[in-house]
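Have a look at the structure below before the remarks.
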Amino acid sequence: MPEPQTLAQDLTSYCALGGVLPDLPSIIQNNLNPSFELRPYQIEAFRRLVYLLNNPHLRQKPAQLLFHMATGSGKTLIMAGAILYLYALGYRNFLFFVNSANIINKTKDNFLNSQSIKYLFNEIIAVLDKKITVREIDNFQHGHNEDINIIFSTIQGLHSRLNTPRENTVTYEDFADQKIALISDEAHHINADTKNKKQSAEELEEIVSWEGTVSRIFRQNPDNILLEFTATAGLDAERSVWDKYFDKIIFDYPLKKFREDGYSKEVKVLQADLKPLDRALQALLLNQYRRKIFEKNKLLIKPALLFKSKTIADSRSFYGEFCAKIAGLKAADLERFNAADNPIVSKIFAYLKENKISAADLAAELKNDFAPEKCIVVNSQEESEAKQIAVNTLEDPRNEYRAIFAVDKLNEGWDVLNLFDIVRLYNTRDAKQGKPGRTTIREAQLIGRGARYCPFVLTDRAAKYSRKFDQDAENELRVCEELYYHSEHNPDYIAELNKALEEIGIKARTKKEIPLRLKEDFKASEFYQRGFIFLNERRKYDRAQIKSLPTASLAAAHKIKLRTGRIGADALFDNALKDHLLKLQTVNETRQKDYFLLDFGLSVIRKALHRLPFYDFNNLQAFLPSVRSLRDFITNKNFLGGVRLEVTGGAQAENLTPRQKLDIAVEVLAKISADIISNKIEYQGTKEFKPAAVKSCFKDKKLEINVPEDSDQERGVGQSVTPNPQYRLDLSNKDWYAFTDNYGTSEEKALVKFINKTYETLKSKYDIIYLLRNERFFQLYNFADGRPFEPDFVLFLARQNAGESLHYQIFIEPKGNQLLEKDKWKEEYLRSLKENTRIQQVWRNKKYIVWGLPFFNEKYRELSFPEAFAETVK
């Protein structure tokens, strides 16, 4: 009998069959820290939660849900958003628990300290007319009914407090008297009983344990909710865990998918036949080189590194040896690495030579950057707890630590983005029968934690939170997307480590490095040497140009329905009385009156604005800089002075009381604030397209392609040699295809075959025909919001027309079936190019034209794309 689908798989199937999940609620969107840009998978997780909690057929009571999400994927941000949404559902009391005191301290900082760089909430948390505070409490009797009240506890501490109750601490009764939301981080730790196969069913019921304590709390009230978060649920390893969670796992985003989506660093293992101290110095060289590359690109990022010892005694000893060596560091200590037979080390010294940085100057830098006050030791439990905040805010510019010395106190719950090097200072193995041992697996998990992507933005590449150079492996910034694990030369250990890294998903089992080359004939062509590609730019949106409320707030009257006091006439009344009541209600409900919001008076509107924190004047001006004063905002017809209302109710609709006016004003102003926030955009794409030399845009490069397991994918396979005859095409003799081969997906190969089929028709009309694949060579920017877009192909066509040469540039995007709807905005953008693109025509007898085509899809656009293509090129 086949295994049942998990809840997450059911939800995926529901969407695949056309089911629609709710939009991201505004309470989440508006109240999370805006500096944390929500990623697509995080939005998907929230939408699933909202859908399930509002679906009585799916929601169990009490509700238990598991978010199985990769290390570094932002589980704590999902927790914060879930808390906000549960607040909207009436939950006020939350219990956060985890197995480690270190994680408790870190999470408190993220939830409560608004000065922390990892604070999760917006500066002001507001729901309608209420400003909300996130409070830490000891028991729920001390909670505030309008705020978010959180008890933070370890599992062990919670178990102790509940089973040996004391005065003023939380009790089991707290959970029966009111509905509670329980948030469990590193939730695999509460499954001790589930995994224990030695106990009988009766013993499992009776045992007083961590899992039993959590279960007892959870079942105190049918409205309780338990949200569990972990990266290592162990669903595959333990049948009992699968049975417990298969109908509770709402979102599954493993480390492998996290890496494939580009949200992690690429992991490199650097073996060196060096003593531990020399291996550490080589790692320092690489770490400092990375810092220089960041600085060269005007990025204020401080790379850190970790020295990992086997024992605390070894770590303390090495720390002393390291500090002594750095204090007396000489140029000769660094110069001897120049002979190392390793590409990255050679690249470092080539950079130093090119930039005239002497070994003596570099030694002086390292003495300063890795002085004792910039090194931190976290070996013992006491050290770890005391320094937890410091090691969890390494990327804070105010945090000067560069080097961390540890054994294994940072293996779980450590959130760091700017860790780029881990140095293994021992050389032991514990593999058995060819399988990685426990130590190696823990090392792989540590690497997984360090492989969180360190976000940065470049002027020419808009993606911040994902890798940018998979398709440009020779770019100097590639090293800033890599985590290096420095180990002694030990091939057996490295093989075991690579196997462990592949098993947890942070390293691809198969990776291809492919040289992407332009044909020599194309390089010599007049088009390549002198031709242009026209691209737009992304510019910061100037909000000072906003002179009114969003159209949604002003275009139509806001419909307000007053409470009529309607009575549900039923068997309590005789038929005559029911008819009379219904007639009265019909008359009452047809009363309607139109107002301007300003008709309610300045004092009412000011009072309503005061109730909504969004309308604090400083905050309002951040969204609408053209507003000169609160009075101007209220009276100006482009703002509140132009807001119309349509009030429906009984006779009272025509004679509103002051209280009704205030309530209506608050309701309408809350809607308008949501419109303003949703209308806030940071960037716009320019409609002016500027020329860039084809020669400077398209170049030879090296591609790095990770091949998914058990995959017959076309990506990474040359079109000239693919074993699939449906897509095979020898491109070596196709002058119109600029590259020596096409390594794209099946849809991309199908497009190339389509162009090949239409080439003779094109040749009869055009003198120049070139198709170029965009392997991260350029980006376009959506006009409305500046979102970056990299169309897969650009087709260049040129012909003579009445003494003038016409140069056409047509962007084409093949799209897989699963992405046709999701990426619809890209298609709309491409369709809009013909009408919206502006090019300053400054060339005599030459005219340049930029167009876009609808998506190419072999199955679903079999007829519509050829028609659109023929219409465009005719």
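Points to keep in mind about this one:
- Cα-centre dipole for region 13-145 with unit charges at Cβ (Lys and Arg positive, Asp and Glu negative), debye to 20: 220 debye
- Restricting the calculation to Cα atoms, the chain shows an Rg/Rh of 1.00 when the hydrodynamic-style radius is the Kirkwood one.
- Farthest positive-ward along region 1-111 dipole, Cα basis, beta-carbon charges - from Gly90, Asn55, Leu66: Gly90
- Sorting the segments 417-425, 813-821, 641-649 by their residues' average number of neighbouring beta-carbon atoms within 10 angstrom, most packed first, yields 417-425, 641-649, 813-821.
- Averaged over residues, the count of other Cβ atoms within 10 Å places the peptides 825-833, 130-138 in the sequence 825-833, 130-138, highest first.
- Antiparallel bridge percentage (DSSP; both residues within the chain; nearest 5): 40 percent
- Calculated mean residue ellipticity at 222 nm for the chain: -10500 deg cm²/dmol, from DSSP H runs with n ≥ 4 weighted as -39500 (n - 2.57), summed, divided by the residue count and rounded to 500.
- Highest mean packing first, where packing is the average number of other Cβ atoms within 10 Å per residue, the peptides 632-639, 179-186 line up as 179-186, 632-639.
- Solvent-accessible area, 1.4 Å probe, carbon plus sulfur percent, for region 1-160: 50 percent
- Comparing Phe639, Tyr14, Tyr253 along the charge dipole axis of the chain, the residue lying farthest to the positive side is Phe639, per the Cβ-charge model.
- Taken per residue, the accessible surface of the chain reaches 46 Å², heavy atoms only and a 1.4 Å probe.
- The magnitude of the dipole of the chain, with charges of +1 and -1 set on the Cβ of Lys/Arg and Asp/Glu and taken from the Cα centre, is near 2520 debye.
- Restraint check, Lys464/Lys702; Lys593/Lys687; Lys275/Lys353; Lys302/Lys826; Lys690/Lys859; Lys248/Lys310, Cα-Cα greater than 32 Å: Lys593/Lys687; Lys302/Lys826; Lys690/Lys859; Lys248/Lys310
- Projected area averaged over orientations for region 649-741, convex hull of C-alpha atoms, nm²: 16.0 nm²
- Whether region 105-154 is rounded, prolate or oblate, judged on the alpha carbon gyration tensor where a/c under 1.5 counts as rounded: oblate
- Proximal lysines to Lys131, defined as alpha-carbon separation beneath 26 angstrom and excluding residues fewer than eight positions away on the same chain: Lys75, Lys106, Lys108, Lys118, Lys179, Lys559, Lys561, Lys607, Lys661, Lys671, Lys680
- Region 789-874 - share of DSSP beta bridges that are antiparallel (%, nearest 5): 55 percent
The values are calculated or read from the model by the stated rules, or taken from the named source; none is laboratory data. Since we're looking at a predicted model, the values are computed, not measured. Cβ atoms come from the backbone with ideal geometry, glycine included; neighbour counts cover every protein chain shown. The protein model used for the area step is the full one, side chains on, heavy atoms only, and it has no ligands, DNA or RNA in it. Shrake-Rupley method; radii C 1.70, N 1.55, O 1.52, S 1.80 Å.
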